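Scroll down for the structure; my scribbles are underneath it.
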Amino acid sequence: METSDPTELAEASSNPFKTYCALLVSVLAMVLAVCNLGGSNTGKDATMNNILAANMYSFYQAKNVRQTQYKLAVDQLEIQLAADKLSPASKQLLQDKLAAYKKTIERYESEPENGEGKKELMVKAKEYEHERDTALKKDPWFDYAEGLLQLAIVLTSVGIITGRHSMAYVSFLLGIVGSVCTLNGYFLFF
């Protein structure tokens, strides 16, 4: 039933409880939006860093396979050189090839100039794993916060409709806990 009496409209709009609840819903909705943004980004970060870590391990493994192939080739060349049935020119060619292979083996182990040696790849993979693990620690906090903030908004709405102050107080407490969970999702205080 609508009222057209200006005094009744003024009384309804000047109800401090309803004004408090409206402000509470606005603040809760704002915190929920910030929470959703953080939760979405954290999930993406976890996925991206997991993919990057897997890529680094794959690259590491490829380097390891190549390095092993060169080690086997070095062994074969050393066996051929030990046979000592070679001409001096052939022997020199094998020794040059042996030196080049050993240099490649060392390069595969560590390439600080471009960061693509096995040693550097392992460090990068561990960093990506750490970033992934951090994102996975943050993610549940955003989920908890989202649930609490949505519940707080619903309870505030019920409080407005029923006029029960206790609903608004409970939603205020849930909003505080949800806000703390949101902050913890960003900063991992605990």
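Before moving on, here are some points about what is shown:
- Residues in the stretch 88-133 that are under 18 Å from Gln76 (Cα atoms) and basic (Lys, Arg): Lys91, Lys97, Lys102, Lys103.
- Leu98 being in contact with a helix residue (DSSP H, G or I) (Cβ under 7 Å, 6 or more places away or on another chain) and surrounded by fewer than 19 Cβ atoms within 10 Å (Cβ to Cβ): yes
- Condition broken by Glu113, with the remaining ones in (1) farther than 19 Å from Ile176 by Cβ; (2) touching a residue at least 40 places away in the same chain (Cβ under 8 Å); (3) charged (D, E, K, R) satisfied: (2)
- Among the residues of the stretch 160-174, those that are buried (at least 18 other Cβ atoms within 10 Å of the Cβ) and either closer than 24 Å to Ser14 by Cβ or in contact with a strand residue (DSSP E or B) (Cβ under 7 Å, 6 or more places away or on another chain) (or both) comprise Ile160, Met167, Ala168, Ser171, Phe172.
- Test for Pro140: is it out of contact with any helix residue (DSSP H, G or I) (no Cβ under 7 Å at 6 or more places or on another chain) and either among the aliphatic types (A, V, I, L, M) or surrounded by 14 or more Cβ atoms within 10 Å (Cβ to Cβ) (or both): yes
- Filter result for the condition that a residue is surrounded by 14 or more Cβ atoms within 10 Å (Cβ to Cβ), on the phi < 0 side of the Ramachandran plot and modelled with pLDDT of 95 or more, over Glu129, Glu106: Glu129
The values are calculated or read from the model by the stated rules, or taken from the named source; none is laboratory data. This one's a predicted model, so the numbers in the text were calculated from it and none came from an experiment. Virtual Cβ from ideal backbone geometry, glycine too; neighbours counted across all protein chains shown.
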